[in-house]
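Note sheet for the following structure.
Just so you know, all these numbers are worked out from the coordinates, no wet-lab data involved. Please read these numbers as outputs of a predicted model, since none were measured by experiment. Cβ: placed from backbone, ideal geometry, glycine included. Neighbour counts: every protein chain shown.
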Amino acid sequence: MVDPIATRCLRLAWQGWCAGTLPVGAVVTDATGTVVAAERGRMFEPAPVAGRLAGCAVAHAEINALAQLPAAGQRPDHTLHVSLEPCLMCVGAAGMTAVGRLRFLGADPYAGASRHYRHTPYLAELPLRVDGPMRGGAGALGSALHLAYYLRTAPDAPAVAVHRRSMPEAFDLARRIVELDARQPDAAAAGLFDLLTEPAPTRPAGAKTTDAPAGGGEPAGMEAERT
Ligand SMILES: [Zn+2]
């Protein structure tokens, strides 16, 4: 079974898919596991949403979630959960908001930057632990949702070619997501989680993958590498 926080990330991503934007969901939890912020990407949504970025290149799920945290303070006991490996901007935002852990489900072999953020003395000193990608259904769904957007809107995009070459299982899953009824915003009702019953390991070529039970359970800890 996929844990509730991972499920929420995937549900948020699915809502983004139904809204016609890049489908990524993000959740921030505190030391007790309580959700203190949850949002999704709104990059290609022109409609303004109060207190959220939308319709601009930086309207990523992680930014919209982390922006709900107070400006001051360190948060070593907070975790940023994301359905997809964050880009360089969002990994940096995790560091700048001083959360203690980043946990992502699916790999992004094209723009994922989870191992490439410790390039300033400030960020290098932060005790940010990075867990992901997660092996199993949850990780595959996180990757495939994002890829499905490109398959639907820009099948010739470089991101599609990279995924086809390095993540064939996620590529197949993305095709099946495209075939689902995108007009149904309830992910479970739309059949998204039915895809979890299919084995769909995801491991980008050359990338380390975090072990997790089938279906996307909690991975073992993995300290981010300094690059
Ligand atoms: Zn991002």
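Ordering ILE63, ILE5 by the number of other Cβ atoms within 10 Å of each residue's own Cβ, fewest first, gives ILE5, ILE63.
Using a cut-off of under 13 Å, list every residue of the range 86-114 whose amide N is near the label point 7 Å from the Cα of ARG152 along the Cα-to-beta-carbon line. Zone members listed by number: none at all. Stretched out straight at 0.36 nm per residue, the stretch from ALA124 to ALA67 would grow longer than its current Cα-Cα span by 18.3 nm.
How big is the Cα convex hull of the range 4-197 in projection, averaged over all directions, in nm²? Walk me through the intermediate numbers first.
Details: hull surface 42.2 nm².
Computing the convex hull of the Cα atoms and averaging its projections yields 10.6 nm².
Report summary: the helix-based calculation at 222 nm, which adds -39500 (n - 2.57) for every DSSP H run with n ≥ 4 and divides by the residues of the chain, gives -9500 deg cm²/dmol.
Of the residues LEU84, LEU123, the one with the fewest other Cβ atoms within 10 Å heads the list, and the complete ranking is LEU123, LEU84. Under the criterion of Cα pairs below 8 Å and six or more residues apart, the relative contact order for the range 89-141 equals 51 percent. Protection proxy ranking, highest mean first, for peptides 89-95, 142-148: 142-148, 89-95, where packing is the per-residue count of other beta-carbon atoms within 10 Å, averaged. In the chain, Cα pairs under 8 Å separated by at least six residues give a relative contact order of 21 percent.
Distance from the Cα centroid of the range 5-30 to that of the range 136-167 is 16 Å (rounded to whole angstrom).
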